[in-house]
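Structure first, commentary second.
Just so you know, all these numbers are worked out from the coordinates, no wet-lab data involved. Keep in mind the model is a prediction, meaning the values are calculated, not measured. Backbone-built Cβ (ideal geometry, glycine too); neighbour counts: all protein chains shown.
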Amino acid sequence: MRPLTGAQRSFLRDRWLLVILLAGALAGAAYAAWVPPGVPYDEPSHWTAVNFLLEQHRLPHSGDTGLSYEQQQPPLAYLLAALAGGAGRAVAGVPAEFYTVRLLGGMEFLVAAVFLWRLLGRLALPPLARRVAVATFVLNPVLLAMAWSIQNDSLFLALGFAALDLGCRALQTRSTGAALTAGVVAGAAALAKQNALAVVIAVVIVLLAGPAERRLARAASYLVPLVVICGWWYVYNIVAFGGPLPPRDLGSAPFPARGLPASPHAVLELARGVVTFLWSPTEYWRNVIASPAVIDAAVVAVTAVVLVVGGARVIRRLTAGPLTQPQLAIVMTAAVSIAGWFVTLTWFTAVAARYGYLAWPAWAWLIAALAGDGRTGGRRVVAVALVGFVLLLAGWALWSVHDVSAPAVQIDLG
């Protein structure tokens, strides 16, 4: 039997990605169809933002009424949603608009999974480890709950991961053209969600830390299109609201900052929120479902194993020699993203741990390290256990939520 050629091996790897994406699309379609409208806690506000653009054909400004707090956010995700949703409404009314926008978010999430696959491929991981890391991303119940609802996170993650991947390519090829493309994509990410600043900063640091040859040219090629693409929104806000960002009380009272955790109980609550947003959609669904104690214990145990075992293996690899450019990009993005979430939470306004989701490639790396080291038989057992765990969680969550009564804040589909 002839050995596989490079092209054949590449096809087999991509075939696994297609299988993972198909599984994610099927699971996501079930979430989009079965989760009652308005159960995701930000969905009514995002829905208002989409319909404002669809019906008013302009951005909000000072003096507008009926705005939502999500209209503090940049408009790109809502613009795409309004275009897709408007087509759905024209064909079959408001319900079609609603579910079209939900499905659009899911498609954007699958694009994010493709770029996560590419990023992890730059780490030279074992094939099985890479598959497990991406499968646990697309089938993760909290990500399914988020991505297949109406939100701006999916587009933000897709563009953020793409900018990271292109930044790594710019370093590996030493190409100013790749850096320029990364700047275009990062600028689009900044127009999708405010906390894209994490990837903007991380890619700049990575480009400046790269090879000295044409270092400044690469950084400038990245920054100039970024500023051109997203800078207009900040200028618009100065004209429309008197500052570079919309006011924090737009559409609602501002959510107060929590301050630094000052007691063991506060630290535990903070940790609980982080772990919840790694695995379970209970908080994202307004706590209309509650996880049994056995699920809570399993989530804590799996999180601990990923952090301790996967973390030790990643640290061992990082300390074995100089950081590669993809390693630096993923580590820097995680550090800036987590720091941005913590600073925002403690000093500015209360935000959930998903504010730091640009750190997900680092979390996926930990999962890959857990599944990718050790003997072949052991790796397969760990891989099956991890994917089976997220599938069980996803099935439990969907079964629990699909017939709950409507939440206090409803979305009227007419």
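In debye, nearest 20: dipole of segment 8-401 around its Cα centre with unit charges on the Cβ of K, R (+) and D, E (-)? Can you show the working numbers first?
Details: 27 positive and 16 negative charges, 325 e Å.
Once rounded to the nearest 20, the dipole reads 1560 debye.
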(message) Compute a Gaussian network model of the chain, connecting alpha carbons closer than 10 Å, and tell me which residue from Ala133, Ala369, Ala30 fluctuates the most.
(response) Ala30
(message) I need the per residue convex hull volume for the chain, using only the alpha carbons, in cubic angstrom as a whole number.
(response) 167 Å³
(message) Given points 7 Å out from each Cα along the Cα-Cβ axis, report the Phe342 to Val384 separation in nanometres with one decimal.
(response) 3.9 nm
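If you stretched the chain out fully between Tyr234 and Ala212, how much longer would it get, using 0.36 nm times the residue separation minus the C-alpha to C-alpha distance?
Values: separation 22, 0.36 × 22 = 7.92 nm, distance 3.25 nm.
Value of the extension gain: 4.7 nm.
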(request) Extending each Cα 7 Å along its Cβ direction at Ala30 and His402, get the distance between those two points in nm, one decimal. (result) 0.7 nm
(request) Evaluate the Kirkwood expression for the hydrodynamic radius of segment 150-248, namely the inverse of the mean inverse distance over all pairs of different C-alpha atoms, and round to one decimal in Å. (result) 13.6 Å
(request) Inverting the mean 1/r over all pairs of different Cα atoms, compute the Kirkwood radius of segment 301-414 and quote it in Å. (result) 17.1 Å
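Where does each of 271-280, 134-143 land if you order them by average Cβ count within 10 Å, highest first? Display every interim value, and only then the final one.
Working: 271-280: 18.3, 134-143: 25.2.
Going by the mean number of other Cβ atoms within 10 Å, highest first, we get 134-143, 271-280.
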(request) Note down the nm distance, to one decimal, between modelled labels 7 Å out along Cα→Cβ at Arg15 and at Val305. (result) 3.0 nm
(request) May I ask for the distance between the Cα centers of segment 301-342 and segment 21-69, given as a whole number of Å? (result) 33 Å
(request) Rank the residues Met146, Met107 as a footprinting-exposure proxy: fewest other Cβ atoms within 10 Å of their Cβ go first. (result) Met107, Met146
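Quick one: length gained pulling Asn287 to Val94 fully straight, 0.36 nm per residue minus the C-alpha distance?
Values: separation 193, 0.36 × 193 = 69.48 nm, distance 2.68 nm.
Here the segment from Asn287 to Val94 would lengthen by 66.8 nm.
For a distance above 16 Å, tell me the whole-number percent of Cα pairs in segment 93-138 that qualify.
Details: 486 of 1035 pairs.
Roughly 47 percent, once rounded to a whole number.
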(request) For the chain, set up a Gaussian network in which alpha carbons nearer than 10 Å are linked by springs, and say which option among Ala189, Ala202, Ala147 fluctuates the most. (result) Ala202
(request) Provide Leu22, Leu398 in ascending order of the number of other Cβ atoms located within 10 Å of each residue's Cβ, fewest first. (result) Leu22, Leu398
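If the viscosity is 1.002 mPa s and the temperature 20 °C, what Stokes-Einstein diffusion coefficient in µm²/s follows for segment 170-317 when Rh is the Kirkwood radius over Cα pairs? Please report the intermediate quantities before stating the final value.
Numbers: Rh = 19.4 Å.
Reported coefficient: 110 µm²/s.
Using the membrane-span-like helix rule (whole DSSP H runs, Cα extent along the own axis of at least 15 Å, mean Kyte-Doolittle hydropathy at least 0.0), which helices of the chain qualify? Working shown, then result.
Details: long enough: 6-34 (42 Å, 0.80); 43-56 (19 Å, -0.34); 76-121 (43 Å, 1.27); 127-138 (17 Å, 1.11); 153-173 (29 Å, 0.99); 176-190 (21 Å, 1.48); 197-209 (18 Å, 3.60); 215-241 (38 Å, 1.22); 264-279 (23 Å, 0.97); 293-305 (18 Å, 2.33); 325-343 (27 Å, 1.36); 360-372 (17 Å, 1.26); 376-401 (38 Å, 1.55).
Span-like helices, by this rule, are 6-34, 76-121, 127-138, 153-173, 176-190, 197-209, 215-241, 264-279, 293-305, 325-343, 360-372, 376-401.
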(message) Apply the a/c threshold of 1.5 to the C-alpha gyration tensor of segment 301-367 and tell me whether it is rounded, prolate or oblate.
(response) oblate
